[in-house]
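As structure tokens, the structure follows; a few thoughts come after it.
The values are calculated or read from the model by the stated rules, or taken from the named source; none is laboratory data. Note that the coordinates shown come from a computational prediction; the quantities given were computed from them, not determined experimentally. Every residue, glycine among them, receives a Cβ derived from its backbone with ideal geometry; neighbour counts consider all protein chains shown.
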Ligand SMILES: [Zn+2]
Ligand SMILES: [Zn+2]
């Protein structure tokens, strides 16, 4: 036998019927986004690697340890996208979509790629849905994006998740927090893990993200960003909290929540789900007011979130939530001899022409075997054509739910099924 191949480590094949569950998650997301006036955007799977180094931050684990970087045949350094926002900002800038007092609101479905140690719930090719909203600065936009995020989980029927909220401040107030944090951390510097000792030089805020229990304990009492907010950041955050309360969206304040990416400003949130690991959330989002400018565009605020599809599926399974079954159960058109099988193929095609699902059997089987096949397909109707039916021009249509049979002129079958 020839050599066979396996999917690369950390990837998965999404096969039917599991793909139905994926479709359900995605179509629900699309529906929710459209209600909020968002439109779909699709960007390339790979970009210049410099875009991510600049947009996400050289010092992040994502860029320094996990990104799939490769040189293309023209000698350019490219990377498979490790997250969604940088590429969308790049498109926003490239197509000059910024406008005064206008919002560009987009949603996406995408694969992202990170070279992680494969483990439960972590993939090297993972899948996300998300939204980005460019333009508005006010907290009403933050509240609306969070509401959209929560509406998706509500619509899916997911329960037991928790919204955690923080404010990270802005370029005005962040330096004073950074200073206080650096001072507090330098007292315990020797006890921090080597990675965090390095982070103290690049971005001490990222020590909050450390997965080591020792570092977590050390930062538990470190100064938090909310205590250093400037007046504008304070009122932005207060207004957002007021709106969330008015919209009856419960949340918990999470002063240690800083998100893994360097570009967030002010609002940051995540949705936790018990059962996912301590470091894992259903989704994460935040405001990134400096990112468009950082990537060469005109100063334009932005806010968005990304949510893992694999994690949402996990929550659906944990919650025992059934997804709606296929609504179109369809028809199997059965031909009993060569001539009838020819007619069956044509009849199936004409049923499909009416927008209905129809299949035929491919294996020259007898009536009994084909009826079993109809059962396996979950078909609602079986249409039977044999020598007699072709002679009289009338097909036997069997309702597989009730067992009732009708004789219908062959040419009328599509219309009859359409009315049934
Ligand atoms: Zn501020
Ligand atoms: Zn650490």
task = Out of 176, 182, report the one residue that is more than 16 Å from ligand 1 (Cβ to nearest atom) and touching a helix residue (DSSP H, G or I) at 6+ places or on another chain (Cβ under 6 Å).
result = 182
ask   = Any residue in region 108-123 that is more than 18 Å from residue 13 (Cα to Cα), at pLDDT 95 or above and under 20 Å from the mean Cα position of the chain (by Cα)?
value = yes
request  = Those residues that are without any contact (Cβ under 8 Å) to a residue 40 or more places away in the chain and within 16 Å of ligand 1 (Cβ to nearest atom), I need them from region 235-262; list them, please.
outcome  = 235, 238
ask   = Which one is nearest to ligand 1 (Cβ to nearest atom), of the residues in region 185-194 that are surrounded by fewer than 16 Cβ atoms within 10 Å (Cβ to Cβ) and not in a loop (DSSP other than H, G, I, E, B)?
value = 186
request  = Of the conditions (1) farther than 23 Å from residue 78 by Cα; (2) surrounded by 17 or more Cβ atoms within 10 Å (Cβ to Cβ); (3) under 19 Å from the mean Cα position of the chain (by Cα), residue 154 clears all except one; give me its number.
outcome  = (2)
message = Tell me whether region 156-169 contains one or more residues that are assigned by TED's automatic domain parsing to the domain that holds residue 307, away from ligand 2 (no atom under 16 Å from the Cβ) and part of a helix (DSSP H, G or I).
response = yes
inquiry  = Tally up the residues in region 370-396 that are closer than 15 Å to residue 344 by Cα, touching a residue at least 40 places away in the same chain (Cβ under 8 Å) and outside any helix (DSSP H, G or I), please.
reply    = 7
Failed item in (1) away from ligand 2 (no atom under 16 Å from the Cβ); (2) under 26 Å from residue 61 (Cα atoms), with residue 137 passing the rest = (2)
task = Look at residue 227 and say whether it is surrounded by fewer than 17 Cβ atoms within 10 Å (Cβ to Cβ), without any contact (Cβ under 8 Å) to a residue 24 or more places away in the chain and away from ligand 2 (no atom under 16 Å from the Cβ).
result = no
query = Tally time: how many residues in region 397-410 are in contact with a helix residue (DSSP H, G or I) (Cβ under 9 Å, 6 or more places away or on another chain) and either free of Cβ contacts under 8 Å to residues at least 40 places away in the same chain or under 18 Å from residue 370 (Cα atoms) (or both)?
reply = 7
inquiry  = If the requirement is being under 19 Å from residue 174 (Cα atoms) and surrounded by fewer than 16 Cβ atoms within 10 Å (Cβ to Cβ), which of these qualifies: 235, 212?
reply    = 235
ask   = Residues of region 183-213 being within 15 Å of residue 256 (Cα to Cα) and either touching a residue at least 40 places away in the same chain (Cβ under 8 Å) or near ligand 2 (Cβ under 8 Å from one of its atoms) (or both), which ones?
value = 203, 205, 206, 207, 208, 209, 210, 211, 212
key: Which numbered condition residue 202 misses (of (1) assigned by TED's automatic domain parsing to the domain that holds residue 166; (2) more than 16 Å from ligand 1 (Cβ to nearest atom); (3) out of contact with any helix residue (DSSP H, G or I) (no Cβ under 6 Å at 6 or more places or on another chain))   = (1)
